[in-house]
């Protein structure tokens with residue numbers, strides 16, 4: 001009875017175990033807790049950016065039979081994943097192992113995985129648990145390795161030249177790198193002989209190498225990122241990356257003014273230094289640019305522009321003294337590179353000699369009054385006998401100005417005999433003939449210039465070629481009686497002919513000639529007369545239309561009045577009858593008057609009716625534009641140039657300092673008239 005029960009129990013257990021074993025290999029049956037299962041993998045299925053040195057692990061749900069964990073039980077293949085299909089699989093070889101404590105199977109590839117590659121891992125059904133249950137089906141999953149890091153930019157760029165000596169060398173990658181791999185062994189800078197020391201840092205995809213010392217000028221350097229550098233997925237560069245650059249130069253002082261060892265330097269000199277390259281203006285200051293007299297620093301203003309530093313002493317340097325200028329190595333280039341060392345030079349100022357310390361007017365002055373007294377103050381008292389009209393001159397550019405020279409103390413004065421001319425630039429010269437009481441002289445002639453105020457009244461009138469004529473008419477010129485004279489000017493007529501000129505003699509032309517449109521001599525005289533006529537018309541229209549300054553309206557009789565320079569306009573006739581008309585230049589010899597008369601212009605002459613000039617006025621600067629005809633009365637003393645549209649008549653005994661210019665009609669001299677060149 002007992003034997004039968006034991007046989008039944010053993011048979012039942014065997015039957016149950018056989019059923020379980022048959023169920024583990026049935027693909028359609030899952031026995032939880034009985035069949036071996038894979039509960040996790042590393043990498044996980046479809047994981048990306050897997051490290052290239054990744055060890056693949058598979059963890060089961062229970063203890064496995066180590067004997068079944070063999071190289072045949074696991075395969076790893078590489079290939080390309082195209083639209084979900086793995087193309088071109090290549091088996092990866094490696095070593096398989098099993099850890100019984102954590103039920104984990106491991107596969108260690110013989111070589112690093114390939115970057116940017118799809119891998120397929122498979123655990124076969126040959127693996128079994130401790131009781132012989134096999135994995136129901138092959139377990140398959142995929143993963144992708146990470147992207148290869150590459151260098152995408154460097155500073156300096158490859159083959160760069162003139163690289164600053166304090167350059168920080170940087171390299172930028174296409175992705176984040178493992179900072180632990182960016183070291184002195186993976187980032188190397190060499191001078192061609194040996195690696196240079198420096199500090200390596202990494203941040204935000206960029207590695208930097210800061211040399212411990214400045215680069216050597218003009219030397220070729222090679223920078224290298226080795227394959228030791230890797231990304232955060234432990235993927236290294238495919239190969240070493242190298243580039244070259246050449247260091248530039250330190251800034252240098254290439255020129256100074258004054259030069260080193262210069263002598264006779266002006267005591268008011270500005271000291272300058274030119275650099276070989278652009279400098280940082282903030283480093284050009286009172287600390288880096290100094291001037292010393294050997295004992296003390298002198299004060300001054302420091303400027304920097306372009307490549308030039310300037311030191312402007314606050315006061316004149318001491319005559320006959322030696323100074324030392326220094327540019328220290330605190331001065332640095334725009335790139336922050338300092339001079340190799342301090343740069344110094346010396347110069348000596350001119351001996352204490354005679355100089356001019358002040359002038360009046362000052363050099364380049366404008367709007368100087370016409371009555372100005374010209375003075376020069378010397379650095380010490382002068383021997384009065386050396387201040388003469390040859391050692392102290394004033395010129396208008398063409399002619400010397402006459403004047404009186406005086407000297408008191410250390411000041412020489414030039415007092416012009418007449419007012420200066422308006423609108424004129426003058427040059428004053430004091431020569432080296434001037435000697436001080438101690439025997440010192442100027443090193444060179446001393447010159448300065450100034451310009452006087454603009455002329456009073458309107459601007460001057462250019463008569464052009466008509467200026468050579470004292471009489472010019474359109475149809476006739478006559479001297480009715482007496483011995484009239486036209487002095488230092490010509491007489492001309494066009495289109496009138498020679499026969500239209502009468503009374504010559506007894507009238508004469510002194511230092512001039514008579515020309516008519518039908519003359520054959522001199523050659524081309526007809527054309528010359530026509531040009532003069534054209535110029536007369538142009539001048540007439542210019543004077544008639546002058547508007548600056550604004551014309552003052554006049555009417556009737558101007559006799560007994562005094563007029564300042566300007567433009568005076570009459571809308572009808574104009575007389576000078578009840579007394580003389582005085583034109584006062586107020587000291588301006590270039591002052592201009594323009595009279596615009598719409599109709600006839602008449603002077604009565606005799607005891608009244610004359611034109612009187614005062615205050616430096618000149619008849620050449622007075623213009624009478626007459627819209628009809630002009631009559632100069634008996635015995636009139638007249639000043640100015642008459643520009644008449646029709647005719648001009650000079651009555652008996654009338655004299656003029658000016659010109660009688662009739663556009664269309666005649667010029668008539670009644671009896672013994674004089675026309676003098678203005």
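The values are calculated or read from the model by the stated rules, or taken from the named source; none is laboratory data. A quick note: this is a predicted structure, and the numbers were derived from the prediction, not measured. Here Cβ is always computed from backbone atoms with ideal geometry, including for glycine, and neighbour counts include all displayed protein chains.
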message: Any residue at all in the range 172-180 that's at negative phi and under 37 Å from the mean Cα position of the chain (by Cα)?
response: yes
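Residue-by-condition table, conditions (1) crowded, with 24+ Cβ neighbours inside 10 Å; (2) touching a strand residue (DSSP E or B) at 6+ places or on another chain (Cβ under 6 Å):
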| position | (1), (2) |
| --- | --- |
| 577 | no, yes |
| 588 | yes, no |
| 621 | yes, no |
| 625 | yes, yes |
| 644 | yes, yes |
| 647 | no, yes |
| 676 | no, yes |
- Task: State yes or no: is residue 640 in the same structural domain as residue 484 (by TED's automatic domain parsing), part of a loop (DSSP other than H, G, I, E, B) and surrounded by 19 or more Cβ atoms within 10 Å (Cβ to Cβ)?
- Result: no
Counting only residues that are touching a strand residue (DSSP E or B) at 6+ places or on another chain (Cβ under 8 Å) and within 20 Å of residue 625 (Cβ to Cβ), the range 657-674 contains a total of 11
Among residues of the range 309-325 being surrounded by fewer than 17 Cβ atoms within 10 Å (Cβ to Cβ) and either more than 22 Å from residue 353 (Cβ to Cβ) or touching a residue at least 60 places away in the same chain (Cβ under 8 Å) (or both), the residue farthest from the chain's Cα centre (by Cα) is 324
Residue 260: passes all of (1) at pLDDT 95 or above; (2) surrounded by 17 or more Cβ atoms within 10 Å (Cβ to Cβ) but (2)
Within the range 206-249, the count of residues that are out of contact with any helix residue (DSSP H, G or I) (no Cβ under 6 Å at 6 or more places or on another chain), in a loop (DSSP other than H, G, I, E, B) and crowded, with 20+ Cβ neighbours inside 10 Å comes to 5
Residue 440 fails exactly one of (1) touching a residue at least 12 places away in the same chain (Cβ under 8 Å); (2) over 29 Å from residue 265 (Cα atoms); (3) out of contact with any strand residue (DSSP E or B) (no Cβ under 7 Å at 6 or more places or on another chain), namely (2)
Restricting the range 497-514 to residues that are under 14 Å from residue 475 (Cα atoms) and touching a residue at least 24 places away in the same chain (Cβ under 8 Å), the one farthest from the chain's Cα centre (by Cα) turns out to be 502
Condition set crowded, with 18+ Cβ neighbours inside 10 Å and not in a strand (DSSP E or B), scope the range 141-162, selection modelled with the lowest pLDDT: answer is 146
Restricting attention to the range 163-189, the residues that are surrounded by fewer than 20 Cβ atoms within 10 Å (Cβ to Cβ) and not in a strand (DSSP E or B) number exactly 12
Note on the range 104-123: residues assigned to a loop (DSSP other than H, G, I, E, B) and either within 60 Å of the chain's Cα centre (by Cα) or modelled with pLDDT of 95 or more (or both) are 114, 115, 116, 117
The number of residues in the range 361-387 that are assigned to a strand (DSSP E or B) and surrounded by fewer than 17 Cβ atoms within 10 Å (Cβ to Cβ) is 4
- [ ] Return a yes/no flag: does the range 409-430 have any residue that is in contact with a strand residue (DSSP E or B) (Cβ under 8 Å, 6 or more places away or on another chain), surrounded by 16 or more Cβ atoms within 10 Å (Cβ to Cβ), touching a residue at least 40 places away in the same chain (Cβ under 8 Å) and assigned to a helix (DSSP H, G or I).
- [x] no
Given the conditions (1) assigned by TED's automatic domain parsing to the domain that holds residue 641; (2) at pLDDT 95 or above; (3) surrounded by 14 or more Cβ atoms within 10 Å (Cβ to Cβ), every one holds for residue 499 apart from (3)
Counting only residues that are over 30 Å from residue 540 (Cα atoms) and touching a residue at least 60 places away in the same chain (Cβ under 8 Å), the range 443-482 contains a total of 7
Checked 328, 295 against criteria (outside the structural domain of residue 213 (by TED's automatic domain parsing) and either at positive phi or in contact (Cβ under 8 Å) with a residue 12 or more places away in the chain (or both)); the one match is 328
